[in-house]
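Student: Sharing a structure, written as structure tokens. Questions coming.
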Amino acid sequence: MADYAVVSLHCLRIYLAKPYRDTLDLLSEMPQILAEIGLRKADIPDHSTLVKAFGRIKMAVWRVLLRLSAQLHDTSGYAAMDATFFDREHASKHYCRRTNYRVQTLKTTALVDTASQAILDVHCTTEKRHDTQLGWQLACRNAGELHSLAADKGYDWQQLRDKRREEGVRPLIKHREFRPIDHAHNARIDGALYGQRALSETVFSTVKRTLGTRCVPERGTVNLVRLS
């Protein structure tokens, strides 16, 4: 089955808020939707086949979909960055043994447009990596489209600020306060723009409330780009 069909079926599963098996059962009674996807009733795969095909889709595909979804909104160029954890402890023990699945939590760092609250980019990892390294990767990947970038003290790294300024992006990243000059730097940050950083937390809250763990991969792969 083509990747576009697998992605379409997954999006339909999210929309219907149903497991794979139930989604395919419902789809068999939806000839018009099948036709739009380019499938016939005889082409509907077994739910286990769909799960395996879904797990093989490359991150690049999800990143393109995320980029296209962000373009549906009027973005402002003012962005905020933050991280959260998605818990996978609910996965059944039988499933974990059968698939050798060991992931318990997935750290997700998102770059969010503060005006539209659209997710511009996402980084996911199961490894222990410092926020500054993850922030560097997201910020560099989107530098040409940003006017400012707000982040909390966890992203306090002078090289990150200097790099953003070189690219014409205003860094709104607070300093950890060890010296009086750190307090002075923080006092000069635009309070209104920095305050919009909390909108990234709002986006995470919305995702977890509306999608729950359905936006988390079924396997140990890192495909959280789909959460938008």
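The values are calculated or read from the model by the stated rules, or taken from the named source; none is laboratory data. The model shown is predicted, which means the values in this text are computed figures rather than measured ones. For neighbour counting, all protein chains shown are included, and Cβ atoms are generated from backbone atoms with ideal geometry for every residue, glycine included. To get the accessible areas, we keep the full protein, side chains included, count just its heavy atoms, and leave off ligands, DNA and RNA. Shrake-Rupley method; radii C 1.70, N 1.55, O 1.52, S 1.80 Å.
Student: Say whether the condition of being among the β-branched types (Val, Ile, Thr), under 24 Å from Ala198 (Cβ atoms), surrounded by fewer than 20 Cβ atoms within 10 Å (Cβ to Cβ) and in contact with an Asp or Glu (Cβ under 8 Å, 6 or more places away or on another chain) is met by at least one residue in the range 127-138.
Tutor: Yes, the range 127-138 contains at least one residue that is among the β-branched types (Val, Ile, Thr), under 24 Å from Ala198 (Cβ atoms), surrounded by fewer than 20 Cβ atoms within 10 Å (Cβ to Cβ) and in contact with an Asp or Glu (Cβ under 8 Å, 6 or more places away or on another chain).
Student: Are there any pairs with C-beta distances below 7 angstrom linking a residue in the range 134-150 that is free of Cβ contacts under 8 Å to residues at least 24 places away in the same chain to a residue that is open to solvent by less than 10 Å² (accessible area, probe 1.4 Å) and part of a strand (DSSP E or B), with the two at least 6 apart or on different chains, and if so which?
Tutor: These pairs meet every condition: Arg141/Asp121.
Student: While we're here: Pairs only if they're at least six apart or on different chains, beta carbon under 6 angstrom, first in the range 73-84 and at positive phi, second open to solvent by 70 Å² or more (accessible area, probe 1.4 Å); list them, first residue then second.
Tutor: Cβ pairs passing all conditions: Gly77/His147.
Student: Next question, about the same structure. Please verify whether Ser69 is free of Cβ contacts under 8 Å to residues at least 60 places away in the same chain and in a helix (DSSP H, G or I), treating the condition exactly as stated.
Tutor: So Ser69 fails the test.
Student: Hey, can you tell me all the residues within the range 29-52 that are over 16 Å from Cys11 (Cα atoms) and either small (Gly, Ala, Ser) or surrounded by 17 or more Cβ atoms within 10 Å (Cβ to Cβ) (or both)?
Tutor: Matches in the range 29-52: Ala42, Ser48.
Student: Still on this structure, I have one more. Within the range 167-175, does at least one residue satisfy the condition of being within 12 Å of Thr132 (Cα to Cα) and under 23 Å from the mean Cα position of the chain (by Cα)?
Tutor: Within the range 167-175, the first condition is being within 12 Å of Thr132 (Cα to Cα), and the residues that meet it are 173.
Retained after the next criterion (residues that are under 23 Å from the mean Cα position of the chain (by Cα)): 173.
Yes, the range 167-175 has at least one match.
Student: Taking into account only those residues within the range 172-204 that are over 17 Å from Ala115 (Cα atoms) and in contact with a strand residue (DSSP E or B) (Cβ under 9 Å, 6 or more places away or on another chain), which is surrounded by the most Cβ atoms within 10 Å (Cβ to Cβ)?
Tutor: Applying the filter and picking the extreme gives Ile173.
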